Amino acid sequence: MAAAWEAITALASGFAVTFKHLFRKPITEQYPEYKRPLPVRTRARIILTRDPDGNERCVACYLCSAACPVNCISMQSAEQENGRRYAAWFRINFARCIYCGLCEEACPTSAIQLTPDFETCEPDVLTLVYEKDRLLVDHSGKDKTYNFYRYAGVATDVGDKGEHFREDQPVDTKSNLP
Ligand code: SF4
Ligand code: SF4
């Protein structure tokens, strides 16, 4: 008897919610004329940002590519004369991207960032393969002040690698090899 009563009250409360909504005014958003403002941390189109000095932040470390669960990031690293690394080319296949944000989490230089721009649909799927010229922007994105090269990875006027304040000696990656 108790179970039957419980089922009736559950049904009644469900129908009450439905009944309440019958008399509500419908809300229709006139997209694309009206675009609802999205939170700044919305995960959609990916960009490659620049540091506050206007230089490319990406040091082509491949961490984003390694973290990506669908393998949609690829690049080729290169080095400038002053030892600063950069991506000679950088490619993201947005047709495979699931906008999980793991690449942004993995990036040590704050270079790769997801933005709220979700309007990236294309009739031709191949145009969803973005090369560096379509990814690189002229601003710092969400992180306006961070400048990786001010803190690590390159010799400066103040000292060589590992000689700056509270900086460890660079790791010789070849010493980790078996
Ligand atoms: S958001 Fe996720 S799936 Fe898309 S490129 Fe980054 S790591 Fe890969
Ligand atoms: S975007 Fe970031 S994580 Fe990816 S290669 Fe460049 S510096 Fe490394």
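The values are calculated or read from the model by the stated rules, or taken from the named source; none is laboratory data. The shown structure was predicted, so the numbers you read here are calculated from the model rather than taken from an experiment. Here the Cβ is made from the backbone with ideal geometry for all residues, glycine too, and neighbour counts use every protein chain on show. Protein only, heavy atoms only, side chains kept; ligands, DNA and RNA dropped before computing areas. Shrake-Rupley method; radii C 1.70, N 1.55, O 1.52, S 1.80 Å.
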Using θ = phi - 60° and the Karplus curve 6.51 cos²θ - 1.76 cosθ + 1.60, what whole-Hz ³J(HN,Hα) does each residue of region 80-93 get, with Gly and Pro shown as x? 7, 4, 7, x, 7, 7, 8, 8, 4, 9, 9, 9, 10, 8
Which of 111, 149, 126 sits farthest toward the positive end of the charge dipole of region 47-155, with +1 on the Cβ of Lys and Arg and -1 on the Cβ of Asp and Glu? 149
In degrees, nearest 10, range 0 to 90: what is the angle between the Cα axis of helix 2-22 and the longest Cα principal axis of the chain? 80
Contour minus Cα-Cα span, residue 105 to residue 28, at 0.36 nm per residue, comes to 24.2 nm
How large is the accessible surface per residue of the chain, computed with a 1.4 Å probe and reported in Å² as a whole number? 72
Fraction of accessible area attributable to carbon and sulfur, the chain (%, probe 1.4 Å): 57
Could you tell me how many cubic angstrom of Cα convex hull volume the chain has per residue? 267
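Placing +1 at every Lys and Arg Cβ and -1 at every Asp and Glu Cβ, with all other atoms neutral, what dipole size does the chain have around its Cα centre, in debye to the nearest 20?
So the dipole magnitude of the chain works out to roughly 760 debye.
How would region 91-178 be classified by its alpha-carbon gyration tensor: rounded, prolate or oblate, with rounded meaning a/c under 1.5 and the a/b versus b/c comparison settling the rest?
prolate
Loop only per DSSP, at most 14 neighbouring Cβ atoms within 10 Å: give me the GluC sites (Glu not before Pro) in region 22-79, ordered by residue number.
29, 33
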DSSP loop trypsin sites (Lys or Arg not before Pro) in region 72-120 with at most 16 other Cβ atoms within 10 Å of their Cβ, which ones? 84, 96
Residue 42 versus residue 160, label points 7 Å from Cα toward the beta carbon: distance in nm? 5.0
Förster radius 22 Å - calculated FRET efficiency between residue 120 and residue 88, Cβ distance, rounded to 0.05: 0.35
How high is the relative contact order of region 1-160, in percent, counting Cα pairs under 8 Å that sit 6 or more residues apart? 28
Could you go through region 65-70 in sequence order and give the Karplus-derived ³J(HN,Hα) for each residue, using 6.51 cos²θ - 1.76 cosθ + 1.60 with θ = phi - 60°, rounded to whole Hz, and x for Gly and Pro? 5, 5, 7, 5, x, 10
For labels at residue 5 and residue 127 in the simple 7 Å Cα→Cβ model, what's the distance in nm? 6.5
